[in-house]
Amino acid sequence: MELFISQNIQESKLSLTVQLFANYLRATSRKMVNLTPLTKITQQSLQLAHLPLLIKSTSDAQGQEQPVHTANPSSIMLEIARSVYLEEVLFGKPDSLTRLEILSFIELSIRLSPSDLATMINDHLSMKMFLVGHSITTADIVALAHLLHHFNELADHEKFALPHVFRWIDHVQHLPGLLEQVQQHNLFVSFPDESNSQPPSKSQLKKLAKAQASKEKKVGGESKAPAEKKAEVQSQTTNASQSTEATNNEEKKEAPKQEKKPKQQQQTKKQPAKKAAEEAIPEISQMDFRVGKIVKVWVNPNSEKLYNEEVDIGNGEIRSIASGLQKLVPIQDMTDAMCIVLCNLKPRNLAGHVSHGMVLCAETPDRNTAELLQPPAGAQPGDLVTFEGYERRPPDALNPKKNPWDVVAEKIKIDENGVALFESIPWTVTGKGVVTSKVIKNGVIH
């Protein structure tokens, strides 16, 4: 197999990922994989649109070998693991919950920013040595590759704020096959100095700034030639009398301006606030509601309330989601069911399962009966839910500190006809119809 990666791994985390993976399995030294780094110029001359790229030969129906190109990082690593007979060790058994969880972590590592990824898995690793199971898997290698640059840029006190992630990085980066690669690319994450476990105080920052300013002033003064200094002194002496008279005149002229200055400052302060208000996006416009289809569902083994689901949300994307519906919705009603999904919640760990979204339900006010919200007939996974009078402007992830979902949740309901409403506006799938509940009337939505 031929594996082409970007020569500049500082810019390509995916190339770094597959390189770490191949070397950890000794696939290159065993000559299972021929790894070739390419410059951008070479990549363009070979007309390779994406890197990393794996090319392997397979036999067609006539027995002739044909090259097969694979650019998906997960598929590349799966092929490498198979070549050294470690597929189940590093990916879990096919169709197992372990494999699903590993693939979920791979997806999150690629999609999330390094800071969000670090925060998310710091909580997950509080009682774990590895991300999935009791030994290293592909999930650990992929997450490590996406965090090495980030952790090398953190200050010591920032590393101390993520103790579980740092412990995990320190352990994984020392594993044989990974340590050599991490050191070779100057990505080894050093142990933080305990004396720097707290961020610098305001007074320390002021002292540092003052010392820096003094140093710059001193350097600037010393850089002047003696002749320049002498000329400067003479110039100051010659103009002293002129400047005194000019100063008196200027003070008279500037006196009225000083009275107006506070008003100008007030206007300047008001303008950003006014601009921010104009640019404020309504909470409902920030919701990324889509039609989904639950393609797989099972009981969470660590919870009496949660189902774990795989949900197709369109464009070939399968989301891992956990829903607290065990006691409200029978599992047979969840299987292969169409649903409505809030897709731009930040991923979080729920009872050992990574949940990246929310499946929405209609419920009676007493919360004793629930039903999945029903998309209109003909709706397909990925279809967007809209609200008349509001433009869809969802961010990639809702702000958890000031979560607009909390505001929207108080304004959504099921009316007496079973139609889902935001205030008095129906949830609509354009060209298909409105979102409804078959069973619940005058209910709430969660």
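Of all residues in region 66-77, at least one satisfies being touching a helix residue (DSSP H, G or I) at 6+ places or on another chain (Cβ under 7 Å) and modelled with pLDDT of 85 or more. Among the conditions (1) surrounded by 15 or more Cβ atoms within 10 Å (Cβ to Cβ); (2) modelled with pLDDT under 95, LYS441 misses just one, which is (1).
Which fully enclosed strands (runs of 3 or more DSSP E) of region 1-59 have 2 or more residues being over 23 Å from the mean Cα position of the chain (by Cα), under 27 Å from PHE188 (Cβ atoms) and modelled with pLDDT of 75 or more? Steps first, answer last, please.
Working: elements: 2-6, 34-38, 53-59.
Because the criterion is at least 2 residues that are over 23 Å from the mean Cα position of the chain (by Cα), under 27 Å from PHE188 (Cβ atoms) and modelled with pLDDT of 75 or more, the strands (runs of 3 or more DSSP E) in region 1-59 that meet it are 2-6, 34-38.
Could you give every pair whose Cβ atoms fall below 7 Å, whose first residue belongs to region 421-433 and is at positive phi, and whose second residue is outside any strand (DSSP E or B), counting only separations of at least 6 or pairs across chains? These pairs meet every condition: GLU423/LYS411; GLY433/PRO376; GLY433/ALA377. Considering only region 418-435, I want to know if a residue exists there that is under 30 Å from PRO301 (Cβ atoms), of a type outside the set (A, V, I, L, M) and either in contact with a strand residue (DSSP E or B) (Cβ under 7 Å, 6 or more places away or on another chain) or not in a strand (DSSP E or B) (or both). Checked against the condition, which is being under 30 Å from PRO301 (Cβ atoms), of a type outside the set (A, V, I, L, M) and either in contact with a strand residue (DSSP E or B) (Cβ under 7 Å, 6 or more places away or on another chain) or not in a strand (DSSP E or B) (or both), region 418-435 yields no hits at all. Would you call ALA397 surrounded by 18 or more Cβ atoms within 10 Å (Cβ to Cβ) and either in the same structural domain as LEU342 (by TED's automatic domain parsing) or part of a loop (DSSP other than H, G, I, E, B) (or both)? Answer is no for this residue. The single residue among ALA397, ALA370 that is modelled with pLDDT under 95, closer than 13 Å to PHE289 by Cα and among the small types (Gly, Ala, Ser) turns out to be ALA397.
Check whether at least one residue in region 374-392 is outside any strand (DSSP E or B), of a type in the set (Phe, Trp, Tyr) and at pLDDT below 95, and report yes or no.
Keep residues of region 374-392 that are outside any strand (DSSP E or B), which gives 375-383, 388-389, 391-392.
Now narrow it down to the ones that are of a type in the set (Phe, Trp, Tyr): none.
The answer is no, given that none of the residues of region 374-392 is outside any strand (DSSP E or B), of a type in the set (Phe, Trp, Tyr) and at pLDDT below 95.
Restricting attention to region 84-96, the residues being part of a helix (DSSP H, G or I) and either buried (at least 17 other Cβ atoms within 10 Å of the Cβ) or modelled with pLDDT under 85 (or both) number 3.
Just need a number here: residues in region 132-191 that are assigned to a helix (DSSP H, G or I) and β-branched (Val, Ile, Thr).
At the first step, the residues of region 132-191 found to be assigned to a helix (DSSP H, G or I) are 138-152, 156-160, 163-173, 179-184.
Keeping just the survivors that are β-branched (Val, Ile, Thr) gives 138, 141-142, 165, 169, 172, 182.
Number of matching residues: 7.
Among the residues of region 350-360, is there at least one that is under 19 Å from LYS438 (Cβ atoms) and either in contact with a helix residue (DSSP H, G or I) (Cβ under 6 Å, 6 or more places away or on another chain) or in a loop (DSSP other than H, G, I, E, B) (or both)? Yes; the residues of region 350-360 include at least one that is under 19 Å from LYS438 (Cβ atoms) and either in contact with a helix residue (DSSP H, G or I) (Cβ under 6 Å, 6 or more places away or on another chain) or in a loop (DSSP other than H, G, I, E, B) (or both).
The values are calculated or read from the model by the stated rules, or taken from the named source; none is laboratory data. All values derive from a computational prediction rather than experimental measurement. Note that each Cβ is placed from the backbone with ideal geometry, even for glycine, and that neighbours are counted across all protein chains shown.
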